[in-house]
Structure formats: C-alpha cells, structure tokens
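S.K.: Once you've had a glance at the structure underneath, I'll fire off some questions.
No value in this document is a laboratory result; all are computed from the given coordinates. Quantities reported herein were computed from a predicted structural model and do not represent experimental measurements. Every residue, glycine as well, gets a Cβ built from its backbone with ideal geometry; the counts of neighbours run over all protein chains shown.
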Amino acid sequence: MIINGIKIENTFAEAFPMKAVRLIITADSKYWLKQATNSMTGFATSVIACGCEAGIEKVVHYSKTPDGRLGVAVLLFAMNSEDLAKQVIRRVGQCILTTPTTACFSGIETDEKINLGNAIRFFGDGFQISKKINNKKFWRIPVMDGEFIIEDKTSIIAGIGGGNILIIGNSNCDVLKSGEAAVKEMKKVDNIILPFPGGIVRSGSKVGSKYKNLIASTNDAYCPTLKGITKTKLNKNAESVLEIVIDGINEKDISLAMKKGVSIICKKFNKGIQTISAGNYGGKLGPFHFHLRDIMK
Amino acid sequence: MSYLILKLKKKLKFRLNLDLLTPNKIIDKKIAAIKSLKISYGNEKKEISNFFSISGILKKGIIFKGDLNRCDYIGDQMKNGKIIVNGNVGDYLGNKMNGGKIVVNGSSANYTASSFKNGEILITKSTGDFLGSSIQGEKLGMSGGVVIIKGNAGHRAGFKMRSGVIYVKGNAKDFIGCQMIAGTIIIGGKIGLNIGLLMKRGTIILKKQKLFAPYLNYSGKNNYIFLKIIQNYLEKLSNEFKNIFPNTYIKKYLGDINCKGMGEILILK
C-alpha cells in the first residue's frame with residue numbers, strides 16, 4: 001500500500017493487555033495543573049523500568065469536573081492491578097498531594113476498585129475528614145495551604161499497551177517534524193496516551209540482549225548507523241527512524257490514533273518520509289495486533 | 001394512571017399509623033387487599049378503607065390527598081418508588097427510609113427523616129423538631145440521602161446525624177447538629193441557640209451568622225472547594241441549589257471543644 005508516495009508496510013503493531021486507571025486532577029490555575037500532571041506523569045515512559053506508563057489524556061472542562069475547576073484527565077497503565085495500585089498511591093502522594101491547590105478524583109467507574117484517598121488520608125494524622133456525597137466518599141486532608149480533596153477509591157479498567165507506528169525517513173529533521181505533527185493529531189483522540197517524552201521515542205527496543213541481565217535492548221534492525229553490519233530492515237536511503245507508542249483503554253481508539261498519525265504524515269510529509277512501519281514480535285507477545293493496512297483502508 | 005391514589009375521607013380524631021402503606025410493602029397487593037389492610041388508629045386496628053378512598057394503580061408510587069397531619073410513619077422503611085403527599089403530614093415521615101423519594105406539598109411534624117438511610121425527601125413548607133435525628137434509644141440519626149426543607153425547621157435538626165445532607169432554606173431553631181457524628185447540614189436562614197453542641201464531626205454550613213459559642217474555636221478563613229462538590233451534586237437534584245455556595249473562601253469554627261470534637265461550622269458570609 002502506498003499513500004501519497006509513502007509506503008505503508010504490510011505489518012502490524014503488537015500490543016499486550018495492561019490495567020489502566022483514569023484520574024481527574026483539578027487546580028486553581030492552569031499553571032499548577034500543568035505542574036501537578038507533568039510531575040505525576042513524569043518518569044512513566046515504559047513499564048520496563050518506570051513501574052507504569054502514564055500520560056495526559058485530555059483537558060477536562062470545568063463544568064465536567066467534580067469541583068467545578070479546570071481539570072486534566074491522566075491515564076496510568078501497569079501490567080497488573082497490584083503494580084498499578086502501588087504506582088497510583090506513590091504518584092498521587094508525591095506529585096498531586098504536594099502541589100498547591102490541587103484535588104484528585106476518579107475518572108472512570110467499574111466494579112474493580114483500588115485505594116486512592118483511602119491510602120493517602122493517613123497523611124492527615126487523624127485530622128482528615130471524610131465526606132460522602134452521592135454515594136461517593138471523598139477525603140479532606142488538611143495541608144499547609146488549606147485542604148487537599150481526594151476521592152476515596154478509583155476504578156481499574158482493562159487497558160492495552162504497546163500500539164505503535166515507526167516513521168522511516170531520509171533525515172532526522174524530516175522524521176522528527178513528521179513525528180511532531182503526528183503526535184499533535186493523535187493527542188486529539190480520547191482514551192489514549194502517548195507515554196514517551198513529547199509522544200515520540202527514538203530508542204525503540206527489541207526483546208532481549210547479548211547481555212543476560214537486560215530484558216530489552218536497542219532495535220538494531222532499525223538503527224540507521226548499523227545498516228552495514230546488522231540484518232537491517234532499512235533501505236540505503238533511510239537515515240532516521242522514530243517511533244510513536246500508544247497506550248489506550250480500547251482497540252478502537254488506539255487504531256483511530258494510529259490512523260490519524262499516519263494520515264497526517266502521508267498528507268503533509270510525503271517528501272521526507274519513505275515508509276510507515278510498526279513494531280511487533282512475530283505475534284508471540286501480545287494478543288492485540290494493529291495491522292497498518294487494515295487501519296489505513 | 002401509574003400512581004395509587006389515597007384520598008382521606010374524614011378528619012382524624014386520633015393518630016393514624018401508615019407504616020404499611022409504603023410502595024415496596026404493597027407492590028404485589030391488589031386494591032381489595034390494600035383496602036383491607038389493618039392499620040393502627042389510636043389504640044385500635046382498623047381497615048384502611050375506613051379512612052381512605054383508593055383508586056389508581058401502583059406503578060410509580062403513591063399519592064396521598066388530604067390533611068394528613070395526624071398520619072405518622074408515611075414512607076416507613078421505603079426502599080424505592082415515590083410518595084407524593086398533597087397536604088401536611090404527621091411524625092416520622094420517611095422513618096428508616098432506604099431509597100426512593102418523598103415529596104410533601106405541605107409541612108411535616110416531628111422526627112421527619114428519623115434514622116433515614118438513603119433516598120430523598122422534599123418538604124415544600126416547614127418541619128418540626130428532630131429533623132434527620134435518631135429515633136428514641138438509637139445511637140445514630142440520619143445516615144445518608146438528602147432532605148430538603150423549603151421552609152423552617154424546629155429544634156434539634158440533625159441530632160446524632162451520621163451522614164447525608166440536610167438543607168433548610170429558612171430558619172432552624174436551637175441545638176442544630178447536636179451530638180452530630182458526621183454529615184452536612186445547610187441552613188439558609190437564622191439559627192437558634194447552641195448550634196453544634198457536643199458535635200463530634202460533620203459540617204454545618206450557615207449563610208450569614210455571628211457565632212458566640214464558647215465551645216467553638218475560630219479556625220480562620222480558607223478555600224473549601226469540597227463545597228463545590230456538594231453544590232454540583234445538589235444542583236442535579238433541584239434548581240433550588242443553583243450556585244448555593246457562590247463563595248468557597250469562608251470562615252470556619254471547630255468544636256465542640258468540650259468533647260474534643262472536630263465538627264466544623266462554616267459561614268458563607
């Protein structure tokens with residue numbers, strides 16, 4: 001398949017099941033909202049070493065937040081419920097509780113729940129107050145600027161991690177610009193996050209390594225500087241590859257985000273970009289396969 | 001017609017106990033069976049048909065018509081459905097209620113929403129003493145749900161209250177939130193003496209007051225954004241609550257300090 005001169009490879013992105021949680025963070029101002037959510041979703045690019053993958057999903061209008069202030073929806077993903085519960089408590093406790101004027105609420109409702117305020121309330125040292133409103137429990141934890149409001153529990157849902165596209169082009173500049181444009185489009189889709197810095201990752205990985213302690217190492221087949229010595233998947237003119245990784249709470253929105261990303265690249269960057277590909281492990285790792293050509297039909 | 005309509009035939013001399021006439025208790029009964037239900041009238045047991053003419057079908061709920069100010073226990077242990085009363089009601093309205101909605105287009109007497117657990121009660125006029133309180137001998141008062149009084153409330157509103165929201169648009173008399181354990185009471189008008197006496201926890205919100213209670217300590221002004229969460233919830237129930245807390249940067253008093261209480265009284269202006 002070729003779209004506007006760009007080859008769409010006959011391959012698929014391989015993704016795997018994760019557990020996810022959505023939190024709504026609110027604050028008095030955009031500035032402190034940004035500080036809180038950037039801090040909370042920082043160092044959360046990959047479960048390989050960060051414990052979870054996290055990112056900002058969308059801005060939530062003040063009319064749709066529980067406390068009527070401007071909010072941001074954050075999605076966190078981990079491999080299982082226990083790991084996710086630990087990460088949520090750590091990140092909310094260290095990044096949201098600590099940020100002036102913020103509050104934290106559950107952003108999704110399912111039957112599977114984990115502690116949120118129920119764990120962090122102990123910071124109140126007995127001075128915390130619970131409020132039950134419309135069958136939901138909130139904690140008011142006294143802090144030095146007043147009160148920190150946090151919902152008692154939050155729900156967990158099934159998520160999908162590892163949707164991706166690979167952008168292969170003639171130069172670093174072309175590939176990066178097209179990647180930036182793709183990220184901008186993909187971020188318009190709800191229910192997904194792009195967990196890497198700026199939504200783009202340059203160090204795509206393969207499973208395993210020659211060093212026995214490493215579970216992942218550089219994806220040498222896509223490293224342009226190793227074309228001469230490895231079994232490369234790049235042609236002689238390909239000089240740069242960047243990857244966009246997508247985590248989401250359903251297949252439909254991950255597919256939509258991939259489609260939007262690829263579409264904008266094909267539409268506006270056909271001169272510098274040669275190929276759109278995707279990363280997979282031969283279908284052995286994850287049950288979710290996002291076939292590029294099916295998505296782009 | 002989806003409501004069962006009960007119209008009071010005559011003026012009552014004694015008190016009438018209507019605890020059997022709750023939608024979930026009679027949902028599977030035919031009209032003939034309902035008419036022959038025996039209820040307490042003074043110290044006697046009499047059939048309902050002696051007091052009410054009954055028509056309609058019980059699908060959504062029950063409508064009572066007439067002055068029921070001597071009829072007690074309306075909506076007793078109600079779990080679902082709706083009761084509408086077009087007139088005044090007696091004591092223990094919504095006693096131990098656990099769901100559904102009661103609307104009284106009139107006033108209610110004492111012990112309205114006593115030991116109330118869940119659901120919604122709306123009184124368009126005033127209510128008597130012990131609103132949302134515990135019934136005699138029990139440790140806990142109202143423990144959930146919402147009670148809205150558009151008029152005034154009597155003494156001891158929220159006595160031993162454990163959870164839920166009480167909103168009184170008008171005035172409330174003495175001992176509001178006395179021995180309160182948790183929950184939220186909002187008073188739109190004037191208050192009587194000894195508010196929050198022996199209060200352990202919970203929140204009483206007043207529109208505009210000067211407090212001179214020696215058992216309450218002033219705890220400064222701050223931004224209490226949880227009020228907006230309550231407001232958002234109440235706004236969904238009724239337009240009555242639109243922008244009920246325009247300002248969340250307000251004064252707070254803590255007490256009752258004599259029983260090491262952490263109850264709070266918030267004053268909007």
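S.K.: What number, rounded to the nearest 500 deg cm²/dmol, is the helix-based mean residue ellipticity at 222 nm of chain B, given -39500 (n - 2.57) per DSSP H run of at least four residues and division by all its residues? Numbers along the way, then the final one.
M.R.: On the way: 3 runs with 21 residues, N = 269.
Here the helix-only value at 222 nm equals -2000 deg cm²/dmol.
S.K.: Hey, another quick one. If you count, for every residue in A:127-138, the Cβ atoms of partner chains within 10 Å of its Cβ, what is the mean?
M.R.: 5
S.K.: Additional query: Under a plain spin-label model, where a point goes 7 Å from the Cα along Cα-to-Cβ, how far apart in nm are B:N258 and B:F212?
M.R.: 1.7
S.K.: Moving on to the next point. Give me A:T154, A:T101 sorted ascending by neighbouring Cβ count inside 10 Å, so fewest comes first. If you can, show how the numbers build up before the last one.
M.R.: Values: A:T154 29, A:T101 18.
Placing the least packed residue first, the sequence is A:T101, A:T154.
S.K.: Let me see the pair-distance distribution of the range B:186-269: every alpha carbon pair, 5 Å bin width, integer percents in order.
M.R.: Computed distribution, short to long bins: 3, 15, 24, 24, 18, 10, 4, 1.
S.K.: Same structure, new question: Under 21 Å Cα to Cα from B:K45, which lysines show up? Leave out anything in the same chain fewer than 8 places away.
M.R.: Filter leaves B:K7, B:K9, B:K10, B:K11, B:K13, B:K25, B:K29, B:K30, B:K35.
S.K.: Would you calculate a helix-derived [θ] at 222 nm for chain A, using -39,500 (n - 2.57) for each DSSP H run of n ≥ 4 and dividing by the full residue count, to the nearest 500?
M.R.: Details: 6 runs with 63 residues, N = 297.
Mean residue ellipticity, 222 nm, calculated: -6500 deg cm²/dmol.
S.K.: Please report the net charge: other residues with Cβ closer than 13 Å to the Cβ of A:I133, K and R +1, D and E -1. Each step should come with its number before you reach the end.
M.R.: Numbers: positive: A:K131, A:K132, A:K136, A:K137, A:R140, B:K228, B:K236; negative: A:D67, A:E151, A:D152, B:E235.
Result for the neighbourhood of A:I133: +3.
S.K.: Between A:Y211 and A:T110, what's the calculated FRET efficiency when r is the beta-carbon distance and R0 is 25 Å? Round to 0.05. Working shown, then result.
M.R.: Numbers: r = 40 Å, r/R0 = 1.62.
Taking R0 as 25 Å, the efficiency between A:Y211 and A:T110 is 0.05.
S.K.: For a paramagnetic label modelled at 7 Å from the Cα of A:N235 toward its Cβ, which residues of the range A:262-283 fall within the zone defined by backbone nitrogen distances under 14 Å?
M.R.: Taking a point 7 Å out along Cα→Cβ of A:N235, the residues of the range A:262-283 whose backbone N falls under 14 Å are A:271-277.
S.K.: Another question, if that's okay. Ranking request for peptides B:196-203, A:141-148, A:18-25: highest mean number of other beta-carbon atoms within 10 Å first, then the rest in descending order.
M.R.: On the way: B:196-203: 22.9, A:141-148: 16.1, A:18-25: 25.5.
So the peptides B:196-203, A:141-148, A:18-25, ranked by packing, come out A:18-25, B:196-203, A:141-148.
S.K.: Now, a different point. Just checking the output field for B:158-164: average partner chain Cβ neighbours within 10 Å of each residue's Cβ?
M.R.: 1
S.K.: Moving on to the next point. Of B:D67, A:D125, how do they rank once you tally other Cβ atoms within 10 Å and put the fewest first? Please list the in-between numbers first.
M.R.: Numbers: B:D67 15, A:D125 9.
With the fewest neighbours first, B:D67, A:D125 line up as A:D125, B:D67.
S.K.: Lysines within cross-link reach of A:K153: Cα-Cα under 17 Å, excluding same-chain residues under 8 positions apart?
M.R.: Filter leaves A:K19, A:K86, A:K113, A:K131, A:K132, A:K136, A:K137.
S.K.: Divide the volume of the convex hull of the Cα atoms of the range A:36-191 by its number of residues and quote the answer in cubic angstrom per residue.
M.R.: Enclosed volume per residue, from the Cα hull, is 135 Å³.
S.K.: Nearest 10 degrees is fine. How inclined is helix B:226-237 to the longest principal axis of chain B, computing both from alpha carbons?
M.R.: The helix B:226-237 is inclined about 20 degrees to chain B.
S.K.: If one puts a single equal scatterer on every Cα of chain A and applies the Debye formula without solvent, what log₁₀ I(q)/I(0) results at q = 0.09 Å⁻¹?
M.R.: -0.48
S.K.: Something else now. What number do you get for the range A:106-223 when its Cα radius of gyration is normalised by 2.2 N^0.38 Å, N = residues? Working shown, then result.
M.R.: Values: Rg = 21.7 Å, N = 118, 2.2 N^0.38 = 13.5 Å.
Dividing the Cα radius of gyration by 2.2 N^0.38 Å gives 1.61.
S.K.: For the range A:164-297, what log10 I(q)/I(0) values come out of the Debye formula at q = 0.20, 0.22 1/Å, with one point per alpha carbon and no solvent?
M.R.: For the range A:164-297, the Cα-only Debye profile gives -1.25, -1.43.
S.K.: At a Förster radius of 35 Å, what calculated FRET efficiency corresponds to the Cβ-Cβ distance of A:M79 and A:F127, to the nearest 0.05? Present the calculation step by step, with values, prior to reporting the outcome.
M.R.: Numbers: r = 36 Å, r/R0 = 1.04.
Rounded to the nearest 0.05, the efficiency is 0.45.
S.K.: Over the range A:1-75, one equal point on each Cα, no solvent: what is log10 I(q)/I(0) by the Debye formula at q = 0.25, 0.26 Å⁻¹?
M.R.: -1.09, -1.15
S.K.: Now a separate question. Measuring from centroid to centroid over Cα atoms, what is the spacing of the range A:259-297 and the range A:114-140 in Å?
M.R.: One Cα centre to the other: 44 Å.
S.K.: Sort chain B into rounded, prolate or oblate with this rule: let a ≥ b ≥ c be the square roots of the eigenvalues of the Cα gyration tensor; rounded if a/c is under 1.5, and if a/c is not under 1.5, prolate when a/b is larger than b/c, oblate otherwise.
M.R.: prolate
S.K.: Please report how far the C-alpha centroid of the range A:175-211 lies from that of the range A:1-75, rounded to the nearest whole angstrom.
M.R.: Taking the Cα centre of the range A:1-75 as reference, the centre of the range A:175-211 is 12 Å away.
S.K.: Determine one quarter of the surface area of the Cα convex hull of the protein assembly as shown, which equals its mean projected area, and express it in nm² to one decimal.
M.R.: Working: hull surface 128.3 nm².
Taking a quarter of the hull surface, the average projection is 32.1 nm².
S.K.: What average count of beta carbons from other chains do you get within 10 Å of the Cβ of residues in B:220-233? Don't skip to the answer; put the middle values down first.
M.R.: On the way: counts 1, 1, 4, 5, 4, 13, 11, 3, 9, 13, 5, 3, 8, 5.
Partner Cβ neighbours, averaged per residue: 6.
S.K.: Let me ask something additional. Please state the shape class of the range B:93-149: rounded when a/c is under 1.5, otherwise prolate if a/b exceeds b/c and oblate if not, all from the C-alpha gyration tensor.
M.R.: Values: a/c = 2.42, a/b = 1.29, b/c = 1.87.
Here the range B:93-149 falls in the oblate category.
S.K.: Which chymotrypsin sites (Phe, Trp or Tyr not before Pro) in the range A:185-293 sit in a loop by DSSP (not H, G, I, E or B) and have at most 12 other Cβ atoms within 10 Å of their own Cβ?
M.R.: On the way: sites: A:Y211, A:Y222, A:F269, A:Y281, A:F288, A:F290; in loops: A:Y211, A:F269, A:Y281.
Sparse-neighbourhood loop chymotrypsin sites (Phe, Trp or Tyr not before Pro): A:Y211, A:Y281.
S.K.: Moving on. Got a sec? How would A:T230, A:T225, B:T248, B:T22 order by Cβ neighbour count within 10 Å, fewest to most? Intermediate results must be reported in sequence, preceding the final value.
M.R.: Values: A:T230 14, A:T225 9, B:T248 17, B:T22 26.
The order, fewest Cβ neighbours first, is A:T225, A:T230, B:T248, B:T22.
S.K.: May I pose another question? Which of rounded, prolate, oblate describes the range B:102-261, given a ≥ b ≥ c as roots of the alpha-carbon gyration tensor eigenvalues and a/c under 1.5 marking rounded, otherwise prolate only if a/b is larger than b/c?
M.R.: Details: a/c = 1.55, a/b = 1.13, b/c = 1.37.
Here the range B:102-261 falls in the oblate category.
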